[in-house]
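Structure first, then comments.
The values are calculated or read from the model by the stated rules, or taken from the named source; none is laboratory data. Not measured: the values here are computed from a predicted model. When we count neighbours, we look across all protein chains shown, and the Cβ atoms used for this are built from the backbone with ideal geometry, even at glycine.
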Amino acid sequence: MNNKTSSTSGSCRVLLATGPLVPLLLLLSLFLPTAVYGEEAADELTYRAGAASIDVTPPAIGTSLALRPARSTGVAEPLFARALVLEGDSPASGSQDNNSAKGKKVRVAIITNDFCGFDLPFNDRLLKAISAATGIPPSHIMINCSHNHSAPFIGDWAPPADVGPQPWHDELVEKFVTVTKQAADSLRPARLRIHREPTQLGMNRRLKHNGDVIMSTNPHGSNLPWTDVLSVEVPKVERVAVLFTYGAHPVIVQRASTLIGGDYPGYTIKRLEAMAKAGGTGGVFMFGQGASGDINAFPLAGGMQAADIAGRDLSYAVLRAIRAPGHVLKSNDLRVAATEVQLPLQDPPPVDQIKSRIAYTKDEKRKRWLEGLLAMAENPDKESPAKSLRYPISAFAFGNELCIVALPHETFSYYTHFTETVSPFANNLVLGYTNGVNGYVATKRDYLLGAAGGYEASPLGSAINYTTRLAPNPESQAIIEQGIRTVLDQVDGQKK
Amino acid sequence: MPAALLFRQCRRQVLALFLSLLFVAIASSATADDDATTDGAASGNTTTIRAAAAEVNITPTEPVYIVGPTGMSTGVADELFARVLVIDDGNAPLAIVTCDLVGTGIPYADALRKSIEEVAGIPADRVMFNCSHTHNGPGASLPADDSDKSYGRDVLKKITAITAEAMKNLEPAVIRVGREPCQIGFNRRLPTSDRVTMTVNPNGPVVPWVDVLAVYGENNKRIGILFSYAAHPVVIHSASTLISGDYSGYAATHLGRMLQASPRKGGVMMFAQGCGGNINAFPLKGGVDAANRVGLVLAQAVTRVQLQDVTPAPIVNASVERALPFQDPLPLKEAEELLATRPGDLRFQRLHKLAKDGPSPDMPFPLSGFAIGDEVCIIALPHEMFCDYQLWADKHSPYKQTFVFGYTNGVHGYVAAKKDLKMGLLRAGYGAEATPSRMPLKLESEAIVRDGISELWKKLDSAKDGSDTNE
């Protein structure tokens, strides 16, 4: 992403030009702040924005924690959902979106939260409920899960399999509706400013060793060593929200504790909020998880204190980004595009291969999964799950200056790099874990490794719950790439 | 002969050759926890290597100053150790000593090496003394008087004693080396608009691997595993006032535990700090649990390494002495004017003080090296070397595998790279700017260090031919 540095602010130019009048003008500015400042700021307030947050902490005791057999024993930090609603103008031409007729206002919502993930049906339920309450079309809503492993996953496929719908799931839907509605009801003029700041707190976790991919730090693997920070603000008046991203599994706590918490994203926000409070500024701080299926924050299972400290480092990076000039969006256009591609899934691996794996698998849970896979392989017609995986992609474009691209599932970081390579936008902010999470989506190269593809990509990988789907086919990469190109084309104002 | 048939026949030959090479490669490699033959003399080489290793607990029994929390220790999270690996090629023994100390001055290192020479019979210039630089471990120094009540003296005696003990236990051995990708830290120098600040710089240099030298005795007995990684042990730092070896201490503990289950039980696990002057293990101040986990990641990397036999050969050593010049202090008037602009700025205060104090003497820079034939070289550098030097040495070394230690034979502060020093007095940031006692190093320091390392290689090369090795 290439950030263009904004020019010297108009107010500064006024002050520099007036020379001896500076003290007088400074005094006047105390009484008439908007007379000196407001006019210039008004030019930059090209969008309308509102933001809100809500506590969505599930029951403290006995809640299933992400993809682990352990149940929660308390709450270290509360979980939150946060919503940012943005409104811009439908472009003069070019939008492929039927809801964006010329001259009409276009409204989008980005909702982030501290949950591990929502499967596609639950996410659809959220989209439907939010849309019904706010009038924002489902295609204009991005629901991003931080993929925090100290929180529940909501979905049919996620282990432990004995966790079904819970009463608090209904409350969660209501809370998501409430927080989005609050944001939508508080729209006011604001400017958008984007900046990318280098930082790193995670590493690629797929290391090739003895012909297999194992889970360990791979210093040469793909990574996303930055945070993208979108500041939504009325300069010198108020901060509406700060949406920042980073791409790494929040697993610094993981099995080190059975307490519910937000892992490093939660701690980052806690620190940012404290700094904002100390500085007398407010705003809703929102974390968007990147496409980080192959990246772990470090160190895995390092504990609460380590998560807090990793959060500290990320909060410093976000603070640096906020303080940087960044690129102020000049446009007021807002375009939306969404598509859903279907990823073909692999056939079950050969029966002998599965049996051999079962023979030396000691972990009982993994053994049960493999036995399920074996049943599929032995009775393909009877036991086979879905033949394809839904893969919804959406994009919000702000003029020709910024595009927010949302990818679902535990998509590998490669697809962020791909998006940046093919995108016509100067600034791109790519989210993963958005609008549905159903396991890993790796690259063609990873799937071609077959059984040696490791936890995330092997058809025998323990990451795949065989009751709902098998590993995607290697051709999936080309399908995803085409899907990304499609949404980028649709929101590319310069093409029309 | 039809081309297709020729191709098929050639393909068989190529395949056979490939399989043969593969078999040879597999037969001569092993991971750190594999079973393997150990008879170095069986290779037909006339040099017989003998080796032994030992360790001793050096945990202070009374509160000591530790730099992480910048205060006195209040207890012990995990024990500190000093470890020694002695290798004898039949001509003269050598010793590599590692310890969980933050560092010592050159005089202390010299005294230790002299003590080892006198008591254990290993020439002082064939002793390397590496500190892990744990920020939750003490330093060591010798008291001005002959008092026995000194932690530094106690450590010196203990290390000397285990080295002498190791000398008595030498046994025929084989040496294997390997390198494994690993990363547990990040470059810690991030350039910002006004200066370099200490935080993660994903685009800064790091040394993303662990070097391993493993020594095995007869009957598959593991004597010791020396592994080296470059990153400040600061995962605990100020998060605790307890004494700890930080990630490097935990790595050695995890490694011992993991390898205990393998066929070759036992052995001494030794960590040597590389050139980690500008690299922090992550996360800084993450706490004791995090240090434990980071240590586990490093230990796992060591167990993965594919070790290759080192052909037994005379082990030569060489030493080079250099001195690194500091920049001249600012003219006093200039320093005063600077301080007047920002009287509260610590950097300006330092520059003013140094201008009043006058120039500092050069920084002593002793280098030493060991080489086994043309295959393995260990370079020992003092001080807190920036990793750029390790990367440079690795790239330019004439040896198949080169270990580069920092924090060895004395630690007197940072040695930054030229690119860092070039940023200037006020922008270069911690590690490359003035300290309370000295100006930053001159830019030519980098060339002096590189020249010293090159000279070391020349001397090692000469030593193989029987020439004198010392300046």
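Quick rundown of the values:
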| item | result |
| --- | --- |
| Hits in region B:326-337 - residues which are assigned to a loop (DSSP other than H, G, I, E, B) and under 14 Å from residue B:433 (Cβ atoms) | B:327, B:329, B:330 |
| Residue that is over 26 Å from residue B:407 (Cβ atoms), within 27 Å of the chain's Cα centre (by Cα) and exposed (fewer than 15 other Cβ atoms within 10 Å of the Cβ), where the choices are B:374, B:357 | B:374 |
| Any chance residue A:197 is over 30 Å from residue A:74 (Cα atoms), surrounded by fewer than 24 Cβ atoms within 10 Å (Cβ to Cβ) and within 11 Å of another protein chain (Cβ to nearest Cβ) | yes |
| Residue check for residue A:466: at pLDDT 95 or above and either over 18 Å from residue A:342 (Cα atoms) or of a type outside the set (A, V, I, L, M) (or both) | no |
| Failed item, numbered, when residue B:194 is tested on (1) surrounded by fewer than 22 Cβ atoms within 10 Å (Cβ to Cβ); (2) within 27 Å of residue B:410 (Cβ to Cβ) | (2) |
| Residue in region B:309-324 that is within 23 Å of the chain's Cα centre (by Cα), closer than 30 Å to residue A:214 by Cα and either within 14 Å of chain A (Cβ to nearest Cβ) or touching a residue at least 60 places away in the same chain (Cβ under 8 Å) (or both) present | yes |
| Top-ranked residue of region A:212-230 - restricted to ones that are among the hydroxyl-bearing types (Ser, Thr, Tyr) and more than 7 Å from every other protein chain (Cβ to nearest Cβ), ranked as nearest to residue B:185 (Cα to Cα) | A:222 |
| Listing of strands (runs of 3 or more DSSP E) fully contained in region B:215-308 that carry 1 or more residues being over 30 Å from residue B:191 (Cα atoms) | B:222-229, B:268-273 |
| Counted residues, region B:152-196 - those being hydroxyl-bearing (Ser, Thr, Tyr) and either within 14 Å of another protein chain (Cβ to nearest Cβ) or under 18 Å from residue B:284 (Cα atoms) (or both) | 2 |
| Pairs with Cβ under 9 Å, 6+ apart, first in region A:219-232 and within 20 Å of residue B:281 (Cα to Cα), second among the acidic types (Asp, Glu) and outside any loop (DSSP other than H, G, I, E, B) | A:226/A:197 |
| Check on residue B:199, surrounded by fewer than 24 Cβ atoms within 10 Å (Cβ to Cβ) and within 8 Å of chain A (Cβ to nearest Cβ) | yes |
| Of residues in region A:246-258 being out of contact with any Asp or Glu (no Cβ under 9 Å at 6 or more places or on another chain) and either farther than 18 Å from residue A:229 by Cα or surrounded by fewer than 19 Cβ atoms within 10 Å (Cβ to Cβ) (or both), the one farthest from the other protein chains (Cβ to nearest Cβ) | A:258 |
| Members of region A:259-314 that are of a type in the set (Asp, Glu), more than 14 Å from every other protein chain (Cβ to nearest Cβ) and over 25 Å from residue A:182 (Cβ atoms) | A:294 |
| Of all residues making up region B:221-246, the number that are among the hydroxyl-bearing types (Ser, Thr, Tyr), surrounded by 24 or more Cβ atoms within 10 Å (Cβ to Cβ) and in contact with a helix residue (DSSP H, G or I) (Cβ under 8 Å, 6 or more places away or on another chain) | 2 |
| Where residue B:193 falls short, out of the listed (1) outside any strand (DSSP E or B); (2) in contact with a strand residue (DSSP E or B) (Cβ under 9 Å, 6 or more places away or on another chain) | (2) |
| Residue within region B:218-237 that is touching a Leu at 6+ places or on another chain (Cβ under 7 Å), more than 11 Å from chain A (Cβ to nearest Cβ) and hydroxyl-bearing (Ser, Thr, Tyr) present | yes |
| Region B:178-188 - residue that is part of a strand (DSSP E or B) and touching a Phe, Trp or Tyr at 6+ places or on another chain (Cβ under 8 Å) and, of those, nearest to residue A:321 (Cα to Cα) | B:186 |
| Condition check for residue A:186: at pLDDT 95 or above, surrounded by fewer than 24 Cβ atoms within 10 Å (Cβ to Cβ) and within 14 Å of chain B (Cβ to nearest Cβ) | no |
| Filter result for the condition that a residue is more than 22 Å from residue B:55 (Cβ to Cβ) and either more than 10 Å from chain A (Cβ to nearest Cβ) or touching a Phe, Trp or Tyr at 6+ places or on another chain (Cβ under 9 Å) (or both), over B:297, B:305 | B:297 |
| Extreme residue, surrounded by the fewest Cβ atoms within 10 Å (Cβ to Cβ), among residues of region A:281-297 that are among the small types (Gly, Ala, Ser) and over 14 Å from the mean Cα position of the chain (by Cα) | A:282 |
| Matching residues, region A:386-410, being surrounded by fewer than 16 Cβ atoms within 10 Å (Cβ to Cβ) and not basic (Lys, Arg) | A:386, A:388 |
| Wholly enclosed strands (runs of 3 or more DSSP E) of region B:55-167 bearing at least 3 residues charged (D, E, K, R) | none |
| Complete set of residues in region A:200-210 that are assigned to a strand (DSSP E or B), within 22 Å of the chain's Cα centre (by Cα) and within 7 Å of chain B (Cβ to nearest Cβ) | A:203 |
| Per-region count, region B:202-214, residues in a strand (DSSP E or B) and more than 11 Å from chain A (Cβ to nearest Cβ) | 4 |
